Amino acid sequence: MTPTRFVPRSQRGVISTLLAIIVLLATLLAALALMRSIDTSNTVAGTLAFRQSVSQEAELAYQKAVSDQFLYANGVGIGEADNTGIGYYASIQPVDSRGIPVGLTNGSQGTQLANSAAVVDKVYYMIERLCPTSGPPLIVAPNQCLVPAATVTGGSSTGNQGGFTVAASAGYRLTVRVDGPRNAQSYIQTVLR
């Protein structure tokens, strides 16, 4: 018969305690990983909702610009001068390195659109006539205003690129800035004939 070993009272349950601590640590790490995953999912969902709202608000700004600014811009001699009250500029405005008008990025130019999306804080837009200066295109800048062509030609030896032709009439560039939650900003540009 083998003699049984006597285990002192102070050492009973040490192995059980160590196993319980290891299981507790594993559970804690799993809970932290789950929290991080949920936080990432919420961030991605918020970003997708913001991007969708940006597209919707840009469409509303486009419709507003077409209805208001082009009524002003296409009047005889009227579109040849700035009308800052409706966000219209008769000449190309200075832009930053991304091609966004500086006045729109710093908030000194543009018109605020009354928006409806809950995800979006504010929407600003401005429209520029693609001429180097204001005034009648034929007198001030003959053959220097940019006009979007019917098709994209990709460029030519004269330096016209991206489907633009040089003419006495002018195209228009619409730039929309959308401000969202947590200081998020998005810009959308389109060129109109």
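Miscellaneous remarks
- Condition met for Gln109 (at pLDDT 75 or above, open to solvent by 20 Å² or more (accessible area, probe 1.4 Å) and assigned to a strand (DSSP E or B)): no
- Against the numbered list (1) more than 20 Å from Val66 (Cβ to Cβ); (2) at pLDDT below 85; (3) among the polar types (S, T, N, Q); (4) surrounded by 13 or more Cβ atoms within 10 Å (Cβ to Cβ), Ser157 comes up short only at (4).
- Residue list for the range 180-191, filter: surrounded by fewer than 16 Cβ atoms within 10 Å (Cβ to Cβ) and within 8 Å of the chain's Cα centre (by Cα): Gln185
- Ile15 being open to solvent by 100 Å² or more (accessible area, probe 1.4 Å), part of a helix (DSSP H, G or I) and at pLDDT 80 or above: yes
- Ile127 vs. criteria among the β-branched types (Val, Ile, Thr), open to solvent by 50 Å² or more (accessible area, probe 1.4 Å) and either modelled with pLDDT under 60 or not in a loop (DSSP other than H, G, I, E, B) (or both): no
- Residues of the range 18-47 classified as in contact (Cβ under 8 Å) with a residue 40 or more places away in the chain and either more than 43 Å from the chain's Cα centre (by Cα) or open to solvent by 90 Å² or more (accessible area, probe 1.4 Å) (or both), total: 0
The values are calculated or read from the model by the stated rules, or taken from the named source; none is laboratory data. For clarity, every value in this text was computed on a predicted model and none was experimentally measured. No Cβ is skipped: glycine too gets one built from the backbone with ideal geometry, and neighbour counts run over all protein chains shown. When the accessible area is computed, the model is the full protein with side chains, heavy atoms only, and any ligands, DNA or RNA have been set aside. Shrake-Rupley method; radii C 1.70, N 1.55, O 1.52, S 1.80 Å.
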